[in-house]
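Visitor: One structure, pasted below without further comment.
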Amino acid sequence: MKRNLFINVLLAVFLMLATSGCGQLVDDSNFTLEEGDTVAGSLVGLSSNVWIEQGSTVEGSILLLCCNILVEGEVQGNVYLLTGNIDIKPSGDVEGKVNVLTGNISR
C-alpha cells in the first residue's frame with residue numbers, strides 16, 4: 001500500500017515538473033551537468049545516465065525514472081529515483097533525502 005502511494009505520488013510529481021517548464025528536462029541518453037554549471041530548479045529525466053560533476057549545482061530536486069545517477073556536485077533538494085542506481089561520491093552532497101524505489105544507493 002505504502003509503495004503504491006509512493007509510486008503514484010512520484011509519477012504525479014514527475015508529470016507536474018515535466019510539464020511546468022521549470023528546471024531542466026533531460027532528453028539525452030547521457031546527460032552531464034558540467035563543472036560550474038547550475039540548474040535553477042528541478043532536474044527531471046527518463047531513461048538516462050546522469051552525471052552531476054564536482055563544482056556543479058542543482059538548486060532544486062532531481063526526479064528520474066529508469067536512470068542511473070552519479071553525484072559528485074551539489075543537489076540542494078531531494079533525489080527521487082524510480083528505477084536505477086545512485087552513486088554519491090565523497091565530493092557529492094545531497095542536502096535533502098535520497099529516495100530510491102528500485103535500485104541501489106552507494107556512498
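Visitor: Compute the distance from the alpha-carbon center of region 66-94 to that of region 20-55, in whole Å.
Guide: 11
Visitor: Heavy-atom accessible area per residue, region 14-107, 1.4 Å probe: how many Å²?
Guide: Numbers: 4680 Å² over 94 residues.
Value for region 14-107: 50 Å² per residue.
Visitor: Near Glu53, within a Cβ-to-Cβ distance under 11 Å, what is the net charge of the other residues, with Lys and Arg +1 and Asp and Glu -1?
Guide: Details: positive: Lys89; negative: Glu34, Glu35, Asp37, Glu72, Glu74.
For residues surrounding Glu53, the net value is -4.
Visitor: Okay, moving on. Tell me the net charge near Leu70. Cut-off is 10 Å between Cβ atoms, Leu70 excluded, with +1 for each Lys or Arg and -1 for each Asp or Glu. Please list the in-between numbers first.
Guide: Numbers: positive: Lys89; negative: Glu53, Glu72, Asp87.
That sum, taken over residues with Cβ under 10 Å, equals -2.
Visitor: Right, something else. Give the carbon-plus-sulfur fraction of the accessible surface of region 46-103 in %, rounded to a whole number; probe 1.4 Å, heavy atoms of protein chains only. Display every interim value, and only then the final one.
Guide: Values: 1070 of 2350 Å².
In region 46-103, the share of accessible area belonging to carbon and sulfur is 45 percent.
Visitor: Would you mind putting 23-35, 59-71 in packing order, based on average other-beta-carbon counts within 10 Å, highest first?
Guide: Values: 23-35: 15.1, 59-71: 21.9.
Going by the mean number of other Cβ atoms within 10 Å, highest first, we get 59-71, 23-35.
Visitor: Still on this structure, I have one more. Tell me which residues come under 5 Å, amide H to amide H, from Ile62 once H is placed; ignore anything under 5 positions away on its chain.
Guide: For Ile62, whose amide H was placed from the backbone, the distant partners under 5 Å are Leu43, Asn78, Val79, Tyr80.
The values are calculated or read from the model by the stated rules, or taken from the named source; none is laboratory data. Here the structure is a predicted model, which means the values were calculated and not measured. Quick reminder, even Gly has a Cβ in these numbers, built from the backbone with ideal geometry, and neighbours come from all protein chains shown. Ligands, DNA and RNA are stripped out before the accessible areas are found, and what is left, the full protein with its side chains, is counted by its heavy atoms. Shrake-Rupley method; radii C 1.70, N 1.55, O 1.52, S 1.80 Å.
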